[in-house]
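Worksheet: one structure, shown below.
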Amino acid sequence: MQEDRIAGLVDFFSMMRKVKDNKRFTFSGEPALVESVADHSWRTAFMVSMFADEMKLDIDRQHAVKLAITHDICEWLHGDVDRRDVKNGNITKQDKESREAEAMQRVRDVLPEPYSEEVYTLWEEYDKESSEEARFVKAIDRIETMMHVTESGHEVITTPEITSVYAERAVTQFPKLIPLLAEVKKRLKEECEAGNIGWKPEFDGVEKLHEDS
C-alpha cells in the first residue's frame with residue numbers, strides 16, 4: 001500500500017536527521033573544526049556537480065551527485081569514525097566496518113524498494129570505489145575535507161603532515177582533479193605560513209602527482 005511506502009520513507013528521513021546532528025572532527029578539541037556529517041556531504045555534492053561540468057568530465061553527473069549525497073549516510077547511527085581513531089587503536093578497522101554495516105542494514109530494513117537497494121548499492125559503490133564516478137567523488141570528498149581544515153584557520157592545523165597529503169591517494173585515482181588539489185594545497189600552505197607552521201617540501205606533492213598521472 002502507498003501509505004506503508006510513504007511511512008517507510010518518512011521513517012528513513014527521520015533516521016537521516018542524525019546525519020545533521022552527528023559531528024566530524026570531535027577528536028580535535030577545536031570547536032572551529034567541528035561540523036556535521038550533513039555539512040560535509042552537502043558541500044561535497046555541490047562540488048561534485050559543479051566540477052564535473054567545469055572540467056567537462058566524461059562521467060554520469062547525476063549518478064555522481066547521488067553517490068556524494070549517500071556516501072556518508074552509514075554514519076547516521078554511530079557517527080563519524082576518523083581514520084586517526086583506527087590508526088591510534090581507539091577502534092579496529094573491523095569494528096568500524098561492523099558499525100557501518102549495521103547502520104546500512106537498518107537503512108535497508110526501513111526503506112521500501114526500489115530505494116532500499118538503490119541507496120545501499122550507491123553506498124557500497126562509493127565505499128569500494130568501483131566506478132569512475134565513485135573515484136571522482138572520493139577525491140572530491142578528500143579535497144573538501146582539506147578545504148574545511150584550511151578555512152578553519154592555522155590555529156587548528158596541528159598535523160600538516162596529514163592534512164597536506166590527505167587527498168593524494170584519491171586524486172591519484174582520478175588525476176583530472178590535480179589542478180583542483182594544487183589550488184587547495186596552495187591555500188593550505190599559505191595558511192600554514194601565516195601561522196608559522198613548518199611546511200616541508202614533501203608536503204607539496206602535486207608535482208609528483210603530475211609526473212605519475
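The values are calculated or read from the model by the stated rules, or taken from the named source; none is laboratory data. The structure presented is a predicted model; accordingly, all values stated were derived computationally and were not measured. Ideal geometry is used to build each Cβ from the backbone, glycine not excepted, and the neighbour counts take in all protein chains shown.
Structural remarks
- Of everything listed in (1) more than 16 Å from the chain's Cα centre (by Cα); (2) in a helix (DSSP H, G or I), the single unmet condition for ALA68 is (1).
- Taking segment 20-39 as the range and being in contact with a helix residue (DSSP H, G or I) (Cβ under 7 Å, 6 or more places away or on another chain) and at pLDDT below 90 as the test, the residues that pass are PHE27, SER28, GLU30, ALA32, LEU33.
- Qualifying residues in segment 7-39 (those that are without any contact (Cβ under 8 Å) to a residue 24 or more places away in the chain, out of contact with any Lys or Arg (no Cβ under 9 Å at 6 or more places or on another chain) and not in a helix (DSSP H, G or I)) - the one farthest from ILE162 (Cα to Cα): PRO31
Condition check ((1) surrounded by 14 or more Cβ atoms within 10 Å (Cβ to Cβ); (2) at pLDDT 95 or above) across all residues:
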| site | (1), (2) |
| --- | --- |
| THR159 | no, no |
| THR163 | yes, no |
| PRO175 | yes, yes |
| ILE178 | yes, yes |
| LEU181 | yes, yes |
| LYS185 | yes, yes |
| GLU191 | yes, yes |
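- Within segment 71-82, considering residues that are assigned to a helix (DSSP H, G or I) and crowded, with 19+ Cβ neighbours inside 10 Å, the one farthest from the chain's Cα centre (by Cα): TRP76
- Test: residue in segment 58-66 that is over 26 Å from SER130 (Cβ atoms) and touching a Ser or Thr at 6+ places or on another chain (Cβ under 7 Å): no
- Test: residue in segment 198-213 that is of a type in the set (Val, Ile, Thr) and modelled with pLDDT of 95 or more: no
- Candidates ASP53, ASP4, ASP95, ASP85 - the one that is more than 13 Å from the chain's Cα centre (by Cα), assigned to a helix (DSSP H, G or I), charged (D, E, K, R) and within 26 Å of ILE178 (Cβ to Cβ): ASP53
- Lone unmet requirement of (1) free of Cβ contacts under 8 Å to residues at least 40 places away in the same chain; (2) of a type in the set (Gly, Ala, Ser); (3) over 20 Å from VAL137 (Cα atoms) for SER49: (3)
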